[in-house]
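The values are calculated or read from the model by the stated rules, or taken from the named source; none is laboratory data. Here the structure is a predicted model, which means the values were calculated and not measured. With ideal geometry, Cβ positions are generated from the backbone for all residues, glycine too; neighbour counts draw on all protein chains shown.
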Amino acid sequence: MKRFSAILYLIISILFILIGCAHSRIDDSLNLNAKEIKITSWLNLMPGGPGSFHSSGEILLRNNESYDIKKISLISISIKQRDVQLYNFVPIFLTKDENDETYLLKKTEKEFSFRNPSGLPIKRELESDLPIKISLKFKEENDYYFHFEIENIKVEKVY
């Protein structure tokens, strides 16, 4: 019975993680949607230095119109908790070759892999036991914008 309970708990936990992150579009200037989203956020609390906040992720965008997906870029990320903005930064992109099939999967899809700048200090307003919301701002070269929000992201603690 204990083994069954442990397996059931594991399955429920995995389902919670997979469906726990809600996301929504908040601007329709570009007709895009996210096909896949993977976001991880954590606090580096290891001894030997000041603590720092980290976030990284991948998002696969699907273009629903005639925009050139190559010309769409991720220009900023903001992180909020309880409607208080904690961080706003230009993301650092993990190396991707634009000719690599994983970067530009089809003419209508583009993958972005990113992280925040190193050493973001942990803000006093950040409540580490509460989830955060991440807003991604995209731009097309003709100044069309698209905002996308991912909610209920758990902040892990690393010691």
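Looking only at the range 134-149, which residues are at pLDDT 90 or above and buried (at least 20 other Cβ atoms within 10 Å of the Cβ)? Of everything in the range 134-149, those that are at pLDDT 90 or above and buried (at least 20 other Cβ atoms within 10 Å of the Cβ) turn out to be ILE134, LEU136. Regarding TYR87, is this residue in a loop (DSSP other than H, G, I, E, B), surrounded by 15 or more Cβ atoms within 10 Å (Cβ to Cβ) and either at pLDDT below 90 or not polar (S, T, N, Q) (or both)? So TYR87 does not fit the description; no.
Within the set ASN64, ASN44, the sole residue that is surrounded by fewer than 16 Cβ atoms within 10 Å (Cβ to Cβ) and over 11 Å from the mean Cα position of the chain (by Cα) turns out to be ASN64. Counting only residues that are touching a residue at least 60 places away in the same chain (Cβ under 8 Å) and assigned to a strand (DSSP E or B), how many does the range 58-82 have? Number of matching residues: 8.
Anything in the range 114-130 that is part of a loop (DSSP other than H, G, I, E, B) and either of a type in the set (S, T, N, Q) or buried (at least 16 other Cβ atoms within 10 Å of the Cβ) (or both)? List them, or say none.
The first filter runs over the range 114-130 and keeps only residues part of a loop (DSSP other than H, G, I, E, B), leaving 116-119, 122-130.
The answer is ASN116, SER118, ILE122, LEU126, SER128.
Restricting attention to the range 43-87, the residues that are within 20 Å of LYS123 (Cβ to Cβ) and touching a strand residue (DSSP E or B) at 6+ places or on another chain (Cβ under 8 Å) add up to 21.
Mind counting the residues in the range 143-159 that are among the polar types (S, T, N, Q) and either within 12 Å of ILE77 (Cα to Cα) or free of Cβ contacts under 8 Å to residues at least 60 places away in the same chain (or both)? Working first, answer last.
Step one: filter the range 143-159 for residues among the polar types (S, T, N, Q), giving 152.
Going one step further and asking which of them are either within 12 Å of ILE77 (Cα to Cα) or free of Cβ contacts under 8 Å to residues at least 60 places away in the same chain (or both), we end up with none.
Looking only at that region, the number is 0.
Among the listed residues SER78, SER66, which satisfies the condition of being more than 13 Å from PHE112 (Cα to Cα), among the hydroxyl-bearing types (Ser, Thr, Tyr) and at pLDDT 95 or above? Testing whether each residue is more than 13 Å from PHE112 (Cα to Cα), among the hydroxyl-bearing types (Ser, Thr, Tyr) and at pLDDT 95 or above leaves just SER78.
Just for the range 19-63: of the residues that are polar (S, T, N, Q) and touching a Ser or Thr at 6+ places or on another chain (Cβ under 8 Å), which one is modelled with the lowest pLDDT? First the steps, then the outcome.
Initial filter on the range 19-63 (polar (S, T, N, Q)): 24, 29, 31, 33, 40-41, 44, 52, 55-56, 63.
When the remaining residues are screened for being touching a Ser or Thr at 6+ places or on another chain (Cβ under 8 Å), the result is 40-41, 44, 52, 55-56, 63.
Numbers: THR40: 94, SER41: 96, ASN44: 95, SER52: 96, SER55: 95, SER56: 94, ASN63: 78.
Only one residue fits best here, namely ASN63.
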